[in-house]
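Structure first, commentary second.
The values are calculated or read from the model by the stated rules, or taken from the named source; none is laboratory data. The structure displayed is predicted, hence computed values, not measured ones. Virtual Cβ from ideal backbone geometry, glycine too; neighbours counted across all protein chains shown. Ligands, DNA and RNA are excluded from the accessible area calculation, which covers all protein heavy atoms including side chains. Shrake-Rupley method; radii C 1.70, N 1.55, O 1.52, S 1.80 Å.
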2 protein chains.
Amino acid sequence: MDIDAIHKALANPVRRQILAWLKQPEQYFSDQEHGLNLGVCAGLIDRRCGLSQSTVSAHLATLQKAGLISSKRVGQWAFFSRNEETIQAFIDHMNQGL
Amino acid sequence: MDIDAIHKALANPVRRQILAWLKQPEQYFSDQEHGLNLGVCAGLIDRRCGLSQSTVSAHLATLQKAGLISSKRVGQWAFFSRNEETIQAFIDHMNQGL
């Protein structure tokens with residue numbers, strides 16, 4: 001677990017918002033055609049953010065490099081979901097160490 | 001509470017280490033001549049870090065701007081201590097929101 005990278009990833013309100021949305025995909029991305037068990041399609045995340053595809057793509061890459069989310073590629077689509085294990089390990093680390 | 005600033009401050013191992021030392025000043029700074037209830041003198045933090053005064057001073061300023069520590073000035077000395085209230089509020093926020 002790269003604590004520096006996780007804090008850097010979380011030091012941005014858009015990235016924290018994306019993580020929050022991905023926690024409840026049924027609530028925020030119920031209009032996705034593919035099953036939400038795959039994760040959430042990048043395009044829907046772009047639309048909800050109201051930011052350009054390249055900006056959101058950079059945010060998703062930062063979250064993924066920090067290990068907070070992972071992606072699955074299906075054909076031309078990329079689907080993103082939270083890495084609950086890493087997120088919980090980070091929370092535990094904060095609770096114990098800070 | 002400035003969540004962005006707190007994450008930025010915590011995204012550095014030296015700053016996390018300083019926070020950890022300040023949690024147990026009796027253990028890490030027992031040789032301080034002034035009472036530890038004042039906080040810990042910048043000079044002792046410099047020495048324990050093994051880094052230059054200016055580097056440690058910048059780290060302390062980052063922690064202070066994020067609200068994680070505060071300082072008290074006594075004569076020519078600056079003493080630093082943790083803001084437990086802010087730290088706990090941040091931990092609570094992480095536990096609920098992440």
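Between B:Lys72 and B:Asn95, how high is the FRET efficiency from 1/(1 + (r/R0)^6) when r is the Cβ-Cβ distance and R₀ = 45 Å? Nearest 0.05. Walk me through the intermediate numbers first.
Details: r = 30 Å, r/R0 = 0.67.
E(calc), rounded to 0.05, equals 0.90.
Site pair B:Ala5 and B:Arg48 shows an inter-label distance of 2.4 nm when each label is modelled 7 Å from Cα along Cα→Cβ. Residues in segment B:77-87 carry Karplus couplings, in order, of 9, 10, 10, 10, 9, 6, 8, 4, 5, 5, 4 Hz; the curve used is 6.51 cos²θ - 1.76 cosθ + 1.60 with θ = phi - 60°, and Gly or Pro positions show x. Residues in segment A:41-48 carry Karplus couplings, in order, of 5, 3, x, 5, 5, 3, 4, 5 Hz; the curve used is 6.51 cos²θ - 1.76 cosθ + 1.60 with θ = phi - 60°, and Gly or Pro positions show x. Summary for B:Arg47: label point 7 Å along Cα→Cβ; distances to the equivalent points in the other copies, ascending, 6.3 nm. Once a ≥ b ≥ c are taken as the square roots of the eigenvalues of the Cα gyration tensor of segment B:48-88, is the result rounded (a/c under 1.5), prolate (a/b larger than b/c) or oblate (a/b not larger than b/c)? Taking the square roots of the gyration eigenvalues as a ≥ b ≥ c, segment B:48-88 is oblate. Each residue, B:Gln24 and B:Leu36, gets one label point 7 Å from its Cα in the Cβ direction; the gap between the two is 1.0 nm. Between A:Ile69 and A:Gln64, A:Asn83, the built amide H atoms are under 5 Å apart, and every one of these is 5 or more places off in sequence or on another chain.
Chain A against chain B buries an accessible area of about 1700 Å², both chains summed, 1.4 Å probe radius.
What the Cα atoms of chain A give is an Rg and a Dmax of 13.4, 43 Å.
In Å², what does the accessible area per residue of the protein assembly as shown work out to with a 1.4 Å probe? Intermediate results must be reported in sequence, preceding the final value.
Working: 10350 Å² over 196 residues.
About 53 Å² of surface per residue is accessible.
In segment A:83-98, burial by the other protein chains removes 30 Å² or more of accessible area from A:Ile91, A:Met94, A:Asn95, A:Leu98, compared with the chain on its own (1.4 Å probe, ligands and nucleic acids ignored). In the protein assembly as shown, the ratio of gyration radius to Kirkwood radius, Rg to Rh, stands at 1.09 when only Cα atoms are counted. The apolar share of the surface of chain B, taken as the fraction of accessible area on carbon and sulfur atoms (1.4 Å probe, ligands and nucleic acids excluded), comes to 47 percent.
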